[in-house]
Amino acid sequence: MPLAFHPRSIKAAALVGSGLVSYARTRRSAEASILTFHGLSDGAGDSGILDYSLHLPVEVFRSICSMLAKEYHVVSLASLIEARTQGTRLPDNAVVLTFDDGYASNYELAYPILREFDLHATIFVTTGFLDGVEMFWFQRVDLALGRTKKELLDWRINGKNLRLYLGTYELRQQSLMRLLPELKELPDIDLLSEVDRLEEALEVDPSDFQTLPKSMRPMSWEMACEMSLSGHVDIGGHTHTHPILARCDSLSMRAEIATCRERIHAEIGELPTAFAYPNGGSDDFTRETLMLVREAGFKAACTTISGRIHDNVSMYQLPRYGSPASVWEAEATVSGAFETLKDWRQSCLKAMSMI
């Protein structure tokens, strides 16, 4: 399905056309919002990748940036942190752009667009990925399911029996979407061995950096340094090997956070001030995680929990919206139109219940 015609994008287009976006942008102008992206791709998707949702078509990203540059105030995450810390106010309709993981496409495709529109972004990098020593486990699973010659696999995980159909590209995508949530539930110490076992069962060679599809490749530290020096990009932390931190023991959690910050300092020459939790849902970090992130010296940390930036939001649990699939979805998101519509529905339901 083309990303521009995702159901949420169709709903967003209706909100734009109805005028609700303009209303919400005025009504909620004091609220900032943060958008999350990962990688970009040339075209609608890479046939060598099953989960191309992580790699937004560059044309869509450019349209989003063009709209934001005209209608909103794109500010750096550092500016948001400073404003929250000092109690000052950001410009109305402030938007922060972030990228997770550290894909080469952030440099090759996103960076030129940021410069074109004079916008700023924070890229949260997984330092082992940039070092070329730690592929993402979810990349290995994606490639294993995509490259196997098997058409069916019965797999037991977390006490469940999964029948994974692999006869077509679409079936492989569906099987990946069934398998990923189960893998994310595993303790981190068991996760990589489970991926090893999966590759063996699918009879595929373990993937390596040399065989990664273009969209999955990491940026180099040279790319990160150039962007950092440009004034358009800040480099933030995203752990060293991208584990879900809540699935780690205390020592591993501390090492992931500290090693990440040290590697960025060593390569970029500056200590990162912001961090993003891998996966980033409410069950993916703990109170101890927040404490360790703060203890490591980070001033703020981002989740992937949807929401707007209010005065009572914790600096170590900043909400972020997921990657919009179209310019309509981006505008309906950053304007607050989705939340405004939700508020109206709840008010109507409450009124009806009182009748």
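The values are calculated or read from the model by the stated rules, or taken from the named source; none is laboratory data. Given the structure is predicted, the values throughout are model-derived calculations rather than measurements. As a convention, Cβ positions derive from the backbone with ideal geometry for all residues, glycine included, and neighbour counts pool all protein chains shown. In case anyone asks, the SASA skips ligands and DNA or RNA and just uses the protein heavy atoms, side chains included. Shrake-Rupley method; radii C 1.70, N 1.55, O 1.52, S 1.80 Å.
Annotation: peptides 26-38, 261-273, ranked by per-residue average of other Cβ atoms within 10 Å with the highest first, follow the order 26-38, 261-273. The slack between Ser22 and Ser230, meaning 0.36 nm per residue of separation minus the straight C-alpha distance, is 71.6 nm.
Relative to the Cα centre, the charge distribution of the chain, modelled as +1 at Lys and Arg Cβ and -1 at Asp and Glu Cβ, gives a dipole magnitude of about 1400 debye. Rounded if a/c is under 1.5, else prolate if a/b beats b/c, else oblate: with a ≥ b ≥ c from the C-alpha gyration tensor eigenvalues square-rooted, which is the range 53-138? Here the range 53-138 falls in the oblate category. Spacing of the modelled spin labels on Ser220 and Leu271, each 7 Å from Cα toward Cβ, amounts to 2.9 nm. For the range 170-185 versus the range 200-275, the inter-centroid distance based on Cα atoms is 23 Å.
In the chain, a dipole from Cβ-located charges (positive for Lys and Arg, negative for Asp and Glu) runs towards its positive end, and of Asn93, Tyr52, Leu251 it is Asn93 whose Cα lies farthest in that direction. Residues in the range 233-247 carry Karplus couplings, in order, of 9, 10, 9, x, x, 9, 6, 8, 10, 6, x, 6, 4, 5, 8 Hz; the curve used is 6.51 cos²θ - 1.76 cosθ + 1.60 with θ = phi - 60°, and Gly or Pro positions show x. Calculated on the alpha-carbon coordinates, the convex hull of the range 116-249 measures out at 135 cubic angstrom per residue. Phi angles of the range 117-129 translate, via the Karplus equation with coefficients 6.51, -1.76, 1.60 and θ = phi - 60°, into HN-Hα couplings of 9, 6, 10, 10, 9, 10, 10, 8, 9, 8, 5, x, 5 Hz per residue; Gly and Pro are given as x.
Put simply, the amide H of Tyr103, placed in the peptide plane, has neighbours under 5 Å in Met219, leaving out anything fewer than 5 places away on its chain. Solvent exposure of the chain, expressed per residue, is 46 Å² of accessible area, with all protein chains present and a 1.4 angstrom probe.
Quick check: the angle from helix 77-86's long axis to the longest principal axis of the chain, C-alpha only, nearest 10 degrees? On a 0 to 90 degree scale, this one is about 50.
Each peptide in 213-222, 55-64, 80-89 was scored by the mean count of other Cβ atoms within 10 Å over its residues; highest first, the order is 55-64, 213-222, 80-89. Measuring nothing but alpha carbons in the range 231-311 and taking Rh as the Kirkwood radius, the Rg to Rh ratio lands at 0.96. When the square roots of the Cα gyration tensor eigenvalues are ordered a ≥ b ≥ c, the ratio a/c for the range 1-145 is 1.5 or more and a/b does not exceed b/c, which makes its shape oblate. As a ratio to 2.2 N^0.38 Å, the alpha-carbon radius of gyration computed for the range 215-355 takes the value 1.28. Our coupling estimate for the range 172-177, obtained by passing each phi through the Karplus curve with A = 6.51, B = -1.76, C = 1.60 and θ = phi - 60°, is 5, 4, 4, 5, 4, 5 Hz, Gly and Pro reported as x. The fraction of Cα-Cα pairs per 20 angstrom bin, counted from 0 for the chain, comes to 29, 58, 13, 0 percent, rounded to whole percents. For the range 132-184, the relative contact order is 29 percent, taking Cα pairs closer than 8 Å that sit 6 or more residues apart in sequence and dividing their mean separation by the residue count. Angle between the Cα long axis of helix 58-71 and the longest principal axis of the chain, 0 to 90 degrees, nearest 10? Orientation of helix 58-71: about 20 degrees from the principal axis.
Close amide H pairs (under 5 Å, H built 1.01 Å from N) link Val233 with Ala121, residues at least 5 positions away or on another chain. Solvent-accessible area of Asp196, all protein chains in place: 80 Å² (probe radius 1.4 Å, heavy atoms, ligands and nucleic acids excluded).
Considering amide H positions built from the backbone, and no H for Pro or chain starts, which residues 5 or more places from Ala30, or on another chain, come under 5 Å of its amide H? HN-HN under 5 Å from Ala30: Asn93. A probe of 1.4 angstrom, applied to the heavy atoms of all protein chains, finds Leu180 with accessible area near 20 square angstrom.
With a Förster radius of 35 Å applied to the beta-carbon distance between Asp118 and Leu192, the computed FRET efficiency rounds to 0.25.
Only the Cβ atoms of Lys and Arg (+1) and of Asp and Glu (-1) were treated as charged; on that basis the dipole of the range 6-132 about its Cα centre amounts to roughly 740 debye.
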